[in-house]
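Data block below; observations after.
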Amino acid sequence: MQGQTEHFHWQAPRASIARTRPLTETVEKELVAIQKWLGFDSAEHGQLIWLENKEELQALLDFPVPSWFAAVTQPQQNRILMVVGASAGQEQLHKTLRHELVHWGMQSVGEQGWAALPAWAHEGIAELWAGQRQLSGMEVSLAWPAFRNELPHLGDFATGFGREPYRAAQGYALAHAFFSRLQRKYGKDIVAQLLAELQKGTRFDRALIQVTGLSLVEHENQLREELGSLSRLLADFYPQFFLVITLLLLVGFPFAMRRRKLRHQAFAEKWAQEGEFLHLKGEGTEDNPHLSK
């Protein structure tokens, strides 16, 4: 099935139309908000192609597709490719679409500005908007590897994220944390300010210095210190701690109840034996035969 929005000619398999049509109808409103956030006035026109599975995605690409791929934005081919089957639910599929629309909107930075952004920055900006902190259902904690000084560096993801899903998820999470921290410290317009510098032909590391006064290395070091702090480590483990306690309680509850039941039975039997003994001895009172005279 095919259709048209203001910026996209879209197509989708008939079997997936119930999932794709409602999301396609959100594209234009979402793109307007994204362009405003990025600091651009207009967006490119192109194709939005919904695919059933990753086999269909592979057939359209000229490079091996990593297992964790759920979508691809290709400015050179003027298209966004979305894999419906790669998302477990509608919410995840929507977040993936929002992520890809940020990539689409960032074309307005120009070819030189686009090339000036390392791969991790492209993904970090998209993740910041989409609010998606999981990759292929994999949630990654950065605090523990940062605390142990085992966290990879942003530079490791300058040209890509590799084929291994966990490492890719770690790179996405780290990139998201970088831009999330920038936005927290410098305000929601920080991305637009950086992209404005890139439009002028400024390198990314130089743009960071001009906008924030600190270099990329300084920002990354501060981020790593923040992620590796004891408070961040405790914050990351706090939900898991209560989850473990809850699971232990759920597992242990039947055993505790059985033990309580056995103790109650033993006590009742002992009480009955003592009562029978007192009755045979003829002891007790008329009001309460279990009380001694």
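Is it the case, given these coordinates, that Glu127 is out of contact with any strand residue (DSSP E or B) (no Cβ under 7 Å at 6 or more places or on another chain), among the charged types (D, E, K, R) and free of Cβ contacts under 8 Å to residues at least 12 places away in the same chain?
Details: out of contact with any strand residue (DSSP E or B) (no Cβ under 7 Å at 6 or more places or on another chain): yes; among the charged types (D, E, K, R): yes; free of Cβ contacts under 8 Å to residues at least 12 places away in the same chain: no.
No.
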Pick from segment 201-231, criterion polar (S, T, N, Q) and assigned to a helix (DSSP H, G or I), ranking: nearest to Trp129 (Cα to Cα): Thr212
Qualifying residue in segment 27-43 (condition: in contact with a Lys or Arg (Cβ under 8 Å, 6 or more places away or on another chain), surrounded by 14 or more Cβ atoms within 10 Å (Cβ to Cβ) and more than 30 Å from Ala196 (Cβ to Cβ)): no
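From Ala59, Ala88, grab the single residue that is of a type in the set (Gly, Ala, Ser), open to solvent by 40 Å² or more (accessible area, probe 1.4 Å) and in a helix (DSSP H, G or I).
Details: Ala88 fails: in a helix (DSSP H, G or I).
Answer to the selection: Ala59.
Select from segment 158-173 the residues that are more than 18 Å from the chain's Cα centre (by Cα) and within 19 Å of His99 (Cβ to Cβ) and list them in ascending order. Please lay out each step first, then the result.
Filtering segment 158-173 for residues more than 18 Å from the chain's Cα centre (by Cα) gives 158-160, 162-163.
Listed by number, the residues that qualify are Gly160, Gly162.
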Helices (runs of 4 or more DSSP H) wholly inside segment 142-200 containing at least 2 residues that are under 24 Å from Leu234 (Cα atoms): 143-147, 165-186
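Residue under question is Leu81, and the condition is that it be out of contact with any Pro (no Cβ under 9 Å at 6 or more places or on another chain), part of a strand (DSSP E or B) and touching a residue at least 24 places away in the same chain (Cβ under 8 Å); does it hold? Steps first, please.
Numbers: out of contact with any Pro (no Cβ under 9 Å at 6 or more places or on another chain): yes; part of a strand (DSSP E or B): yes; touching a residue at least 24 places away in the same chain (Cβ under 8 Å): yes.
Spelling it out, Leu81 is indeed out of contact with any Pro (no Cβ under 9 Å at 6 or more places or on another chain), part of a strand (DSSP E or B) and touching a residue at least 24 places away in the same chain (Cβ under 8 Å).
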Residues (open to solvent by less than 40 Å² (accessible area, probe 1.4 Å), hydrophobic (A, V, I, L, M, F, W, C) and over 16 Å from Ala121 (Cα atoms)) located in segment 215-234: Leu227, Leu233
Conditions (1) charged (D, E, K, R); (2) part of a helix (DSSP H, G or I); (3) over 22 Å from Gly39 (Cβ atoms): number failed by Glu100: (3)
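Restricting to segment 72-83, what's the tally of residues that are on the phi > 0 side of the Ramachandran plot and either modelled with pLDDT under 95 or crowded, with 17+ Cβ neighbours inside 10 Å (or both)? Step through it out loud before you land on a result.
Taking segment 72-83 as the starting set, the residues that turn out to be on the phi > 0 side of the Ramachandran plot are 78.
When the remaining residues are screened for being either modelled with pLDDT under 95 or crowded, with 17+ Cβ neighbours inside 10 Å (or both), the result is none.
Here the count works out to 0.
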Subset of segment 11-42 [free of Cβ contacts under 8 Å to residues at least 60 places away in the same chain, more than 27 Å from the chain's Cα centre (by Cα) and closer than 18 Å to Thr73 by Cα]: Gln11
Selection from segment 1-26 of residues that are open to solvent by 60 Å² or more (accessible area, probe 1.4 Å), over 20 Å from Gln107 (Cβ atoms) and not acidic (Asp, Glu): Met1, Gln2, Gln11, Arg14, Ala15, Ala18, Arg19, Arg21, Pro22
Residue satisfying condition, being surrounded by 15 or more Cβ atoms within 10 Å (Cβ to Cβ), among the hydrophobic types (A, V, I, L, M, F, W, C), farther than 30 Å from His153 by Cβ and in contact (Cβ under 8 Å) with a residue 40 or more places away in the chain, within set Leu101, Leu51, Leu93: Leu93
Pairs where the first residue, in segment 113-124, is in a helix (DSSP H, G or I) and the second is open to solvent by 10 Å² or more (accessible area, probe 1.4 Å) and of a type in the set (Lys, Arg), C-beta under 8 Å, 6+ apart: Ala116/Arg203
Ala168 vs. criteria more than 15 Å from Ile125 (Cα to Cα), of a type in the set (A, V, I, L, M, F, W, C) and open to solvent by less than 20 Å² (accessible area, probe 1.4 Å): yes
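The values are calculated or read from the model by the stated rules, or taken from the named source; none is laboratory data. Every value quoted in this text rests on a predicted model; they were computed, and no experiment measured them. A quick note on method: Cβ atoms are made from the backbone with ideal geometry, for glycine too, and the neighbour counts reach across all protein chains shown. Accessible surface is based on the protein model in full, side chains and every heavy atom, while ligands, DNA and RNA are left aside. Shrake-Rupley method; radii C 1.70, N 1.55, O 1.52, S 1.80 Å.
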